[in-house]
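Enquirer: Just passing along the structure, written as structure tokens.
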Amino acid sequence: MLYREAGEFKSTYQADQAILTIRQDRWFMWAMLAFAFLVIPLISSEYWLGTILLPFLILALAALGLNVLTGYAGQLSLGTGGFMATGAFAAYKLATAFPELHIVVVILLAGLLTAGVGILFGIPSLRIKGFYLAVATLASQFFLIWMFNKFGWFTNYSASGVISAPPMSVFGDAFVTGPYATAEAKYLFTLSLVVLFALMTKNLVRSNIGREWMAVRDMDIAAEIIGIKMLSTKLKAFAYSSFLCGISGALWAFVYTGSVEPLAFDVNRSFQILFMIIIGGLGSIMGAFLGAAFIVLLPIFLSNAPHWIGLNIPVDLISHIEFMVFGVLIIFFLIVEPHGLARLWQLLKEKLRLWPFPY
Amino acid sequence: MNERNLGDVVLEVKGISLSFGAIRVLNNISFNVRKGEIRSIIGPNGAGKSSMLNVINGVYHPQEGSITYRGETRQQMKVHHAAAQGIARTFQNIALFKGMSTLDNIMTGRNLKIKSNLLWQAIYWGKAQREEIEHRRKVEEIIDFLEIQEIRKTPVGRLPYGMQKRVELGRALAAEPDLLLLDEPMAGMNVEEKEDMCRFVLDINDEFGTTIVLIEHDMGVVMDLSDRVVVLDYGRQLADGAPDEVRSNQAVIDAYLGVSH
Amino acid sequence: MRIERDVIYIIIVTLFLMVAIPWTMGQISEDIFFEWPFFFEVAIGGLLAGVMYSLVALGFVLIFKASGVFNFAQGAMVLFSALTLVGLNELGMPIWLAIIATLVVMLLLAVVIERVVLRSLVNQEHIILFMATIGITYFLDGFGQTLWGSEVKTLNLGIPSDPGFYFDGKILINDFDLVAALLAGVLVIVLALFFQYTRIGRALRAVADDHQAALSVGIPLKHIWVIVWAVAGIVALVAGIMWGSKLGVQFSLALIALKALPVLILGGFTSVPGAIVGGLIIGAGEKLAEVFIAPLIGGGIEDWFAYMLALAFLVFRPQGLFGEKIIERV
């Protein structure tokens with residue numbers, strides 16, 4: 001079966017505006033989804049589901065959020081960790097104050113609360129641009145983490161400052177948090193949410209609001225002249241981005257780790273998510289996933305690689321070498337393809353479309 | 001072309017002066033634009049032509065003077081107000097959204113007409129999808145009009161200069177403007193491209209009845225297209241009138257031939 | 001340099017608030033001790049600490065000014081230079097020789113960074129270059145610690161570190177901080193002279209304004225980049241020596257870059273005087289807030305106060321106090 005768009009004629013604008021316009025792409029996507037929902041839970045070990053795929057999905061969601069803000073709307077942010085923390089703590093307060101709330105409601109409300117916080121910290125973006133804004137977003141990062149550490153109210157006065165998710169189920173016995181939750185249930189629950197939000201994000205970026213975001217990113221003054229309102233467009237980007245980051249934080253705390261302290265969302269987390277979207281590809285939904293996969297898998301690979309080739313290196317030395325290799329790889333990737341893995345994927349597809357006659 | 005039947009005055013600028021710090025860019029400029037006419041602003045480089053357009057659509061705020069648009073007099077225009085009131089424009093140095101396709105660029109021109117909210121757009125179904133398709137149809141009409149069908153999906157950053165100018169015109173048209181400001185739409189084009197662009201400008205004026213304010217250096221083009229011409233030089237207004245009058249005006253001839261005053 | 005009137009107003013208001021807020025706090029709260037000698041002691045301590053922040057911010061400014069690169073690796077360069085210096089010293093090199101050797105290492109580093117990273121990424125977007133400097137950060141942090149280990153090392157250059165009493169014994173100031181501030185001051189003056197009076201310095205300023213203009217001065221862009229990264233490396237070494245003597249040479253030195261960022265946005269990315277004034281305001285503001293405000297809201301505000309302070313300034317001056325005004329043209 002050749003990968004072609006020839007012979008496919010779109011007779012309606014609706015068909016032409018579909019997410020995937022090439023038939024093979026659609027098949028590939030359905031196959032991927034079927035594989036992710038049906039096959040992976042059957043063949044994967046608990047280790048793979050719980051410690052690799054789960055954080056991958058959750059961080060991909062945060063990367064999706066940051067990519068909306070940075071990749072699509074062009075507002076560089078280093079405050080992702082703070083917003084994830086907001087989501088986690090909001091979910092915790094909601095779940096403990098109103099135990100009868102359903103977990104999906106808790107998570108969505110936590111996302112909405114984070115969106116509110118995001119709007120608040122997005123207001124300076126109207127005046128402050130570029131790297132000035134990036135540094136300014138660090139203010140939200142440090143302030144939020146300090147706040148969750150400092151005020152016992154957020155942790156229900158737990159002595160250690162750690163919050164633990166109460167057991168919650170989607171329906172009946174299908175627990176997704178707490179000690180009764182199985183890795184499969186956690187995985188499927190997270191996967192469903194992530195797929196849903198990825199679809200929503202794709203819809204947004206191919207609609208008017210997405211075009212407004214990109215217009216602001218590419219040339220804000222021209223965007224304003226054609227009638228795009230700067231404040232509301234930027235704040236919508238901050239709101240939606242923080243919404244996703246908040247949900248990601250809530251999932252991280254509730255579904256992945258089960259208990260968490262503010263330190264899990266420190267500035268290193270913000271950088272980690274930023275790496276994902278730059279390595280994956282700015283302004284690309286696919287890029288958020290590819291970047292998340294890369295950044296989650298790379299450290300696992302790096303810390304295991306010496307054992308595979310039979311080297312025995314002390315642990316602290318390994319972590320230093322990991323740092324080095326990580327740095328070199330980032331630079332290497334930027335030099336090879338500054339537009340990220342998503343661009344490589346696209347180039348591959350373009351090659352394939354013309355194959356075997358490249359000209 | 002004086003015999004053309006021109007409508008009422010839609011835009012009137014009176015005594016506009018604009019300075020940046022100690023530099024005076026515009027000095028007491030007054031002229032009006034009638035409905036349905038093609039009005040040109042000419043003058044040597046640095047005469048303040050682009051600044052004049054920037055004043056009309058609110059990018060620059062003049063220190064003195066007033067602007068009357070559709071009977072409403074203001075001391076200065078605001079960018080968003082101008083866009084909402086049907087003023088669209090193109091730029092001397094193309095101001096397209098480089099990372100987006102031709103289609104998306106032109107679609108952004110319709111942003112003020114799209115009513116679905118964030119949630120509907122996220123769901124992309126029913127009302128939102130119908131709206132999107134309806135606007136796509138309008139945009140396709142513009143694409144047909146400008147004869148840019150084959151670059152519909154190309155990122156504009158990859159297009160040649162002449163094509164980018166065309167896409168930019170398309171984006172301005174997408175807003176269905178009443179008043180279209182064109183800042184050197186033919187600069188840097190070859191003869192063939194210029195002819196195309198002239199045809200588009202005339203057709204826009206003719207078919208849609210759009211009022212056009214045009215900045216252009218090519219005197220042949222200006223004299224052919226315009227109903228009336230304003231001449232600026234170093235921020236001062238040298239002349240205002242029909243192309244023939246302007247052409248024979250001594251001050252204008254001096255400015256263009258560089259006679260010392 | 002012409003200072004805009006707005007900036008002077010902002011600085012006057014800031015100075016007023018820096019005195020008025022602590023005084024008011026002292027009046028209205030039992031928990032806050034306010035006396036004038038004590039106030040000055042805190043303020044002077046803060047100003048001196050601020051000079052140390054300026055030292056790190058200076059490295060950022062140099063590189064940003066000459067190449068538009070937001071060099072996140074400045075903190076890592078501070079750590080790396082300090083680690084190298086102490087490491088060489090421990091290997092038996094006398095300290096003066098170790099300093100010279102480290103200088104050479106920093107020069108080499110500048111060459112390598114230009115060859116490997118900058119040259120390959122020339123004309124890329126700013127965010128890509130920023131990202132690459134984060135890559136350099138990781139590499140330097142890892143490389144330095146792989147070479148020299150990660151345990152805390154002491155660096156003793158014989159600078160007195162005893163507290164001294166000044167003004168009739170009423171105000172206590174750390175002698176070390178005084179020396180550090182003096183040294184930083186000297187460095188700034190040397191840099192200012194370098195920019196003003198040497199051919200290379202003038203070329204560097206030309207690059208900041210316009211790359212084409214710089215080429216017409218006759219110095220290739222790649223040389224300018226090497227020079228500016230080398231100068232930033234030297235600044236990093238000075239910062240590394242001062243911070244390393246104060247805190248011990250350890251990984252946390254790399255984190256002082258995070259302290260320098262608010263200084264940078266407050267002063268403006270492109271301004272050397274901005275880095276100094278910014279450092280002084282942040283240093284004094286932070287210390288004053290810690291002593292006169294923090295006890296009321298639970299303390300520990302040093303993580304974010306500098307950022308919030310800088311953010312407040314940015315709302316009035318989006319380009320920083322001394323940054324170049326961004327004029328948008330269409």
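Enquirer: Using the number of other C-beta atoms within 10 angstrom as an exposure proxy, rank B:Phe208, C:Phe322 with the fewest first.
Expert: Arranged by neighbour count, lowest to highest, B:Phe208, C:Phe322 become B:Phe208, C:Phe322.
Enquirer: Quick one: net charge around A:Leu244, please, counting Lys, Arg +1 and Asp, Glu -1 for every other residue with C-beta under 15 Å from its C-beta.
Expert: Working: positive: A:Lys202, A:Lys236, A:Arg269; negative: none.
Counting the neighbours of A:Leu244, the net charge comes to +3.
Enquirer: I need to check one value: relative contact order of chain C, counting alpha carbon pairs closer than 8 Å and at least 6 residues apart, in percent. The partial results should precede the final answer.
Expert: Numbers: 455 pairs, mean separation 112.2, N = 330.
Relative contact order of chain C: 34 percent.
Enquirer: Another question about this same structure. Please compute the contact order of chain B in relative form: average sequence separation of alpha-carbon pairs under 8 Å and at least six residues apart, divided by the residue count, as a percent.
Expert: Result for chain B is 27 percent.
Enquirer: So, one more: Grab the other residues whose beta carbon is less than 13 angstrom from that of A:Leu344, score K and R as +1, D and E as -1, and report the net.
Expert: Net local charge, A:Leu344 excluded: +1.
Enquirer: Also: Enter the Cα centre distance for the pair region C:41-95 and region A:297-355, rounded to the nearest angstrom.
Expert: 30
Enquirer: Which angle between 0 and 90 degrees, to the nearest 10, do you get for helix B:191-207 versus the longest principal axis of chain B when only C-alpha atoms count?
Expert: That works out to roughly 80 degrees.
Enquirer: Still on this structure: Hey, got the dipole for chain C? About the Cα centre, +1 on K and R Cβ, -1 on D and E Cβ, debye to the nearest 20? Intermediate values should be presented prior to the final figure.
Expert: Details: 17 positive and 23 negative charges, 267 e Å.
Value, rounded to 20: 1280 debye.
Enquirer: Next up: Which loop-located chymotrypsin sites (Phe, Trp or Tyr not before Pro) does region A:1-100 contain, where loop means any DSSP state but H, G, I, E or B and the Cβ has at most 14 other Cβ atoms within 10 Å?
Expert: Here the sparse-neighbourhood loop sites are A:Phe9.
Enquirer: While we're on this one: Taking DSSP loops as anything outside H, G, I, E and B, show the longest stretch in chain C free of GluC sites (Glu not before Pro) there with at most 15 other beta carbons within 10 Å.
Expert: No qualifying site falls inside C:152-323, the longest such stretch.
Enquirer: Of the options B:Ser248, B:Met100, B:Leu6, report the single residue whose Cα projects farthest towards the positive end of the charge dipole of chain B (beta-carbon charges: Lys, Arg +1; Asp, Glu -1).
Expert: Working it through, the farthest residue towards the positive pole turns out to be B:Met100.
Enquirer: Return the ratio Rg/(2.2 N^0.38 Å) for chain B, where Rg is computed over Cα atoms only.
Expert: Cα-based Rg divided by the globular estimate yields 1.05.
Enquirer: Right, here's the next one. Taking R0 as 22 Å, what FRET efficiency do you get between C:Arg115 and C:Leu147 from their Cβ-Cβ distance, rounded to the nearest 0.05? Before the final figure, lay out each step's value.
Expert: Working: r = 20 Å, r/R0 = 0.93.
That gives a FRET efficiency of 0.60.
Enquirer: Go through region B:12-26 residue by residue and turn each phi into a ³J(HN,Hα) via Karplus (6.51, -1.76, 1.60, θ = phi - 60°); whole Hz please, and just put x for glycine and proline.
Expert: Karplus values, whole Hz, x for Gly and Pro: 9, 10, 10, x, 6, 10, 9, 10, 10, x, 8, 8, 8, 9, 10.
Enquirer: When B:Ile38, B:Ile142, B:Ile123 are ordered from fewest to most other Cβ atoms inside 10 Å of their Cβ, what list results? Walk me through the numbers before you get to the answer.
Expert: Working: B:Ile38 26, B:Ile142 20, B:Ile123 17.
Placing the least packed residue first, the sequence is B:Ile123, B:Ile142, B:Ile38.
Enquirer: Okay, moving on. Once phi is turned into ³J(HN,Hα) by the Karplus curve 6.51 cos²θ - 1.76 cosθ + 1.60 with θ = phi - 60°, what whole-Hz value does each residue of region A:253-270 show in order, with x for glycine and proline?
Expert: Coupling constants for region A:253-270: 6, 8, 8, 7, 8, x, 9, 8, 10, x, 4, 5, 10, 6, 5, 5, 5, 4 Hz.
Enquirer: Here is a further query. Please compute the Cα-Cα pair-distance distribution of region B:100-176 with 5 Å bins starting at 0, giving whole percents from short to long.
Expert: 3, 17, 27, 21, 15, 11, 5, 1
Enquirer: Among the listed pairs B:Lys127/B:Lys165; B:Lys49/B:Lys113; A:Lys229/B:Lys49; B:Lys115/B:Lys138; A:Lys234/C:Lys259; B:Lys14/B:Lys78, give every one whose C-alpha distance is greater than 24 Å.
Expert: B:Lys127/B:Lys165; B:Lys49/B:Lys113; A:Lys229/B:Lys49; A:Lys234/C:Lys259
Enquirer: I'd like the distance separating the alpha-carbon centroids of region B:16-92 and region C:129-165, in whole Å.
Expert: Rounded to whole Å, the Cα centres lie 57 Å apart.
Enquirer: Which order results if B:Ile23, C:Ile224 are arranged by neighbouring Cβ count within 10 Å, fewest first? Let's see the in-between values first.
Expert: Numbers: B:Ile23 8, C:Ile224 23.
With the fewest neighbours first, B:Ile23, C:Ile224 line up as B:Ile23, C:Ile224.
Enquirer: Okay, moving on. So, with +1 on the Cβ of K and R and -1 on the Cβ of D and E, and no other charges, what is the size of the charge dipole of the protein assembly as shown about its Cα centre, to the nearest 20 debye?
Expert: About 620 debye.
Enquirer: Explain nothing, just the number: dipole magnitude of region C:238-330 about its Cα centre with +1 on each Lys and Arg Cβ and -1 on each Asp and Glu Cβ, in debye rounded to the nearest 20.
Expert: On the way: 6 positive and 6 negative charges, 39 e Å.
In debye, rounded to 20, region C:238-330 gives about 180.
Enquirer: In a shell of Cβ-Cβ distance under 13 Å around A:Ile40, excluding A:Ile40 itself, what net charge do Lys and Arg (+1) and Asp and Glu (-1) give? Intermediate results must be reported in sequence, preceding the final value.
Expert: On the way: positive: A:Lys186; negative: A:Glu46, A:Glu184.
Computed value for this residue: -1.
Enquirer: Turning to a different aspect of this structure: How big, in percent, is the set of alpha carbon pairs in region B:11-97 lying more than 17 Å apart?
Expert: So the pairs more than 17 Å apart make up 48 percent of the total in region B:11-97.
Enquirer: From the backbone phi of region A:115-127, what are the Karplus-calculated ³J(HN,Hα) couplings (6.51 cos²θ - 1.76 cosθ + 1.60, θ = phi - 60°) in whole Hz, Gly and Pro given as x?
Expert: 4, x, 4, x, 4, 4, 7, x, 4, x, 4, 5, 9
Enquirer: Continuing with this model, one more query. What are the residues whose amide H is under 5 Å from the amide H of C:Glu324, where those residues sit 5 or more places off or on another chain and H is modelled from the backbone?
Expert: Result for C:Glu324 returns C:Thr270.
Enquirer: If you find the alpha carbon centre of region B:124-169 and of region C:249-315, how far apart are they in angstrom?
Expert: What the calculation gives is 48 Å, centre to centre.
Enquirer: Two decimals is fine: what is log10 I(q)/I(0) at q = 0.06, 0.08, 0.11 Å⁻¹ for chain A, from a Debye sum with one equal scatterer on every Cα and no solvent?
Expert: With one equal scatterer per Cα and no solvent, log10 I(q)/I(0) is -0.24, -0.42, -0.81.
Enquirer: Which three numbers, in whole Å and largest first, are the semi-axes of the equivalent ellipsoid of region A:262-310 derived from its Cα gyration tensor as √(5λ)?
Expert: Each semi-axis is √(5λ); the values are 23, 16, 7 Å.
Enquirer: Under the rule of at least 5 residues apart or a separate chain, name every residue whose amide H is placed under 5 Å from the amide H of C:Asn174.
Expert: HN-HN under 5 Å from C:Asn174: C:Gly164.
Enquirer: So what does log10 I(q)/I(0) come out to for the protein assembly as shown at q = 0.05 Å⁻¹, using the Debye formula with one equal point on every Cα and no solvent?
Expert: Here log10 of I(q) over I(0) equals -0.35.
Enquirer: Starting from 0 in steps of 10 Å, tell me what percent of the Cα-Cα pairs of region C:5-316 lands in each bin.
Expert: Going from the shortest bin to the longest, the percentages are 6, 25, 33, 23, 10, 2, 0.
Read-outs throughout are calculated quantities, based only on the coordinates presented, and are distinct from any laboratory measurement. Here the structure is a predicted model, which means the values were calculated and not measured. Glycine gets a Cβ as well: all are built from the backbone with ideal geometry, and neighbour counts include every protein chain shown.
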